[in-house]
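Just below is one structure, and these are the notes that go with it.
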Amino acid sequence: PRPDVLVVSALRPGQMARLETLFALHRHDRAEDPDALLDAIAPRIRAVVTTGGRGLGRDIIDRLPGLEIVACSAVGTEKLDLAACRARGIAVTNTPDVLTDDVADMAMALLLMARRRLVEGDAHVRSGAWAREGMFPLTPTLTGKRLGILGLGRIGQAIAARAEAFRMEIGYVARAPRDVPYARLPDAEALAGWADALVVATPGGAGTRGLVSAPVIRALGPGGTLVNISRGSVVDEPAMIEALASGALGAAGLDVFAAEPAPDPALLALPNVALSPHHGSGTVETRDAMARMVVDNLVAHFNGAPLISPVA
Ligand code: GLV
Ligand code: GLV
């Protein structure tokens, strides 16, 4: 019989169809009464499919005694209870690499949007202010400026490659030195003091919570731009909002927030922020590739083959 798989959050349609041919699917995400569904099928479930936004909590893990693997469509898995999985020897997989370029593109887009005030410029044209009031204010340039990258993993390095093409000077903070021709700064505050723009590219989770603190934001300064494509938890969001409102921080470009999908209204009221709905990997091609990787991991698991992308 095909292994029973619980879907708590769906993948792209093409891979859902593939899942359906390979496994006996149970759609927790579509169940009218998810609780009753779990009661009925919980003992049979051997795998869970989820996304980064949905994750998987103890509440469900504890109800699945036969769970062997959780396959998550995301690189960041902090909404997934890894400790609970580890304690029971449940394998966990994510989807690194395939989303790196899209997330790095998003970082550069937000950097340009924030620094060149593209959101306000767009409104300036749409509202007729251009004709009424004339030229839009001048903004700082990007070329030749310093980009600080907090976290030089796969995504951080892809951002650096793009920033090189923009002829920016690049600095970074990472746990270990990297074999790269960039300036390595000792910590986030030093990096922010050095940089004209700071991009957050660390993982989320407990290890990086509040890393971009009030002093780091202050060090970035009135001419500085903060970009976050990582997790809202890495930035002290109230401190950032206060700094953006007072002018102590110049601008921000944000794909992630402390609260999603309804970020702090104080943030939404600021003119000097560019906002994106946690959509770094949100392209057709990348979401297809992520979904394929989820299914490939499940296939490997049930064939007794090595997993493609286990979470360490
Ligand atoms: C997909 O990766 C998501 O987090 O929804
Ligand atoms: C998106 O945020 C991801 O972790 O893939």
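The values are calculated or read from the model by the stated rules, or taken from the named source; none is laboratory data. Just so it is clear, the structure is predicted and the values come from calculations on it, not from any experiment. A quick note on method: Cβ atoms are made from the backbone with ideal geometry, for glycine too, and the neighbour counts reach across all protein chains shown.
Here are some notes:
- Helices (runs of 4 or more DSSP H) completely within region 204-294 that count 3 or more residues being more than 20 Å from the chain's Cα centre (by Cα) and small (Gly, Ala, Ser): 237-246
- For region 152-176, the set of residues classified as among the basic types (Lys, Arg) and without any contact (Cβ under 8 Å) to a residue 40 or more places away in the chain consists of Arg167, Arg175, listed by residue number.
- Test: residue in region 228-235 that is at pLDDT 95 or above and either more than 16 Å from ligand 2 (Cβ to nearest atom) or acidic (Asp, Glu) (or both): no
- Residues in region 1-23 that are away from ligand 2 (no atom under 16 Å from the Cβ) and in a helix (DSSP H, G or I): Pro13, Gly14, Met16, Ala17, Arg18, Leu19, Glu20, Thr21, Leu22.
- Any hit, region 139-148, residues being in contact (Cβ under 8 Å) with a residue 12 or more places away in the chain and within 16 Å of ligand 2 (Cβ to nearest atom): no
Listed here are the residues, each with its yes/no results for (1) in contact with an Asp or Glu (Cβ under 9 Å, 6 or more places away or on another chain); (2) within 16 Å of ligand 1 (Cβ to nearest atom).
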residue	(1), (2)
Asp264	yes, no
Leu270	no, no
Leu275	yes, no
Glu285	yes, yes
Val295	no, yes
Asn303	no, no
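- As a summary of the residue check, Gly76 satisfies the conditions (1) within 16 Å of ligand 1 (Cβ to nearest atom); (2) touching a strand residue (DSSP E or B) at 6+ places or on another chain (Cβ under 9 Å); (3) within 24 Å of Ala289 (Cβ to Cβ) except for the one numbered (2).
- Thr100 being crowded, with 20+ Cβ neighbours inside 10 Å, over 24 Å from Asp29 (Cβ atoms) and within 14 Å of ligand 2 (Cβ to nearest atom): yes
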